[in-house]
Amino acid sequence: MESAHRFNPPAPLRFRQAERLRLRTLVERLFAEGHSFFEWPLRAVAHPLDAESLDALFKGHVPARTGALQMLVTVPKRKRHHAVDRVLMRRRVREAWRLNRIPLREAVESHPDMRTLSVALIYTADRNVEYAKVERAVTRILAKISDHLEKDFQKKGATR
């Protein structure tokens with residue numbers, strides 16, 4: 001009998017629970033104060049938080065498993081009426097994120113002032129889009145977020 005072999009990707013490629021944006025407080029703050037980026041078929045909203053702001057949000061008791069880079073994917077029912085289509089597009093977006101997020105995560109972890117970066121990816125197309133186009137959009141959004149963060153930190157560094 002042959003035993004079933006499971007493919008275990010290296011740790012950096014796994015999409016762990018600490019990387020999933022799941023806390024209501026962080027999601028509300030993200031949509032209230034985040035910066036929006038658009039790259040068809042996705043719209044992204046990103047919001048960085050420093051350690052002080054994160055502690056203030058949770059009154060000093062930051063929940064465990066709050067990663068440096070957190071994301072959520074949403075596919076509105078208004079755009080994709082069938083559940084199978086929403087699940088398919090959510091999986092494509094999540095896979096593109098999982099494979100291309102590492103440079104952004106390293107940038108967030110290397111910056112001393114930033115504790116976490118929350119990102120929401122919202123699917124905006126009214127039809128299913130092939131994976132290659134979704135991946136291209138995710139990589140462009142990640143580049144836009146990186147550029148925005150770099151400019152923001154340069155501006156903060158100049159005012160100090």
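Each value in this text was obtained by applying a stated rule to the coordinates, not by laboratory testing. In this text the structure is predicted, and so the values were computed from the model without any measurement. No Cβ is skipped: glycine too gets one built from the backbone with ideal geometry, and neighbour counts run over all protein chains shown.
Laid out as a table, the results:
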{"read-out": "Footprinting exposure proxy for R24, R91, R115 (fewest neighbouring C-beta atoms within 10 Å first)", "value": "R24, R91, R115"}
{"read-out": "Between region 7-72 and region 102-151, the alpha-carbon center distance in angstrom", "value": "11"}
{"read-out": "D147, D85 arranged by Cβ crowding within 10 Å, fewest neighbours leading", "value": "D147, D85"}
{"read-out": "Kirkwood hydrodynamic radius of the chain, Cα pairs, Å", "value": "16.8"}
{"read-out": "Relative contact order, percent, region 19-149 [alpha-carbon distance under 8 Å, six or more residues apart]", "value": "39"}
{"read-out": "Which of H81, L104, S118, positive extreme of dipole for region 77-122 (C-beta unit charges)", "value": "H81"}
{"read-out": "Entries of K59/K79; K79/K151; K79/K144; K77/K133 with Cα pairs more than 29 Å apart", "value": "K59/K79; K79/K151"}
{"read-out": "For L99, L42, order by how many other beta-carbon atoms lie within 10 Å, fewest first", "value": "L99, L42"}
{"read-out": "Rounded to the nearest 20 debye, dipole of region 47-153 from Cβ charges on Lys, Arg, Asp, Glu", "value": "860"}
{"read-out": "Fraction of beta bridges assigned by DSSP in region 19-149 that are antiparallel (%, nearest 5)", "value": "65"}
{"read-out": "Choice from S53, S36, S118 showing the highest fluctuation, given a GNM over the chain with Cα pairs closer than 10 Å", "value": "S53"}
{"read-out": "Rounded to 10°, Cα long-axis angle of helix 83-100 versus longest principal axis of the chain", "value": "50"}
